Amino acid sequence: SQEAADEAWREFRSEFSDLTRGYEPDVERADLGDRGVHYRLRVGVFTERGAATSFCDVVKARGRDCLVVGL
């Protein structure tokens, strides 16, 4: 739900406050038909793929999943 995505952002921002400063969440609604509606929490916007990759590397090193998309 949108509410769950908002809560996930608050938790992520709290855990990664050093990384998330200056970034805003982007919640994308994805209607997957028979599989239901899901919400994707994205952080950005990054202007360079290298910056996004570096961000994800730190997130992964701290035990969370991260995927660079759209660059």
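Viscosity 0.692 mPa s, temperature 37 °C: give me the Stokes-Einstein translational D for the chain in µm²/s, with Rh taken as the Kirkwood radius over C-alpha pairs.
The calculation lands on 252 µm²/s.
When Lys and Arg each count +1 and Asp and Glu each count -1, what net charge do the other residues less than 15 Å away from Val37, Cβ to Cβ, add up to?
Its environment carries a net charge of -1.
Exactly which GluC sites (Glu not before Pro) in the chain are in a DSSP loop and have at most 11 other Cβ atoms within 10 Å?
Sparse-neighbourhood loop GluC sites (Glu not before Pro): Glu48.
Kindly provide the trypsin sites (Lys or Arg not before Pro) of segment 39-71 that DSSP labels as loop, not H, G, I, E or B, and whose Cβ sees at most 14 other Cβ atoms within 10 Å.
For trypsin sites (Lys or Arg not before Pro) across segment 39-71 that sit outside H, G, I, E and B with at most 14 neighbouring Cβ atoms in 10 Å, the list reads Arg62, Arg64.
By the scheme Lys and Arg +1, Asp and Glu -1, what is the net charge of all other residues having a beta-carbon under 12 Å from that of Arg13?
-4
Taking H as built 1.01 Å from N, whose amide H comes closer than 5 Å to the amide H of Val27, not counting residues under 5 places away?
Amide H neighbours of Val27, under 5 Å, 5+ apart: Arg42.
With a sphere of radius 14 Å drawn around the Cβ of Val58, what net charge do the other residues whose Cβ falls strictly inside it have (Lys, Arg +1; Asp, Glu -1)?
Once all neighbours under 14 Å are counted, the net charge is 0.
Test of understanding: what is the full-extension gain from Glu7 to Arg62, defined as 0.36 nm times their sequence separation minus their Cα-Cα distance?
Stretched out fully, the Glu7 to Arg62 stretch lengthens by 17.9 nm.
Which residues among segment 48-67 fall inside the zone where the amide N is under 16 Å from a point 7 Å beyond the Cα of Ser17, along Cα→Cβ?
none
In degrees between 0 and 90, to the nearest 10, how far off the longest principal axis of the chain does helix 2-15 point, with axes built from Cα atoms?
20 degrees
Readers should treat all values here as calculations from the given coordinates under stated rules, not as data from a laboratory. Source: prediction; values computed, not measured. Ideal geometry is used to build each Cβ from the backbone, glycine not excepted, and the neighbour counts take in all protein chains shown.
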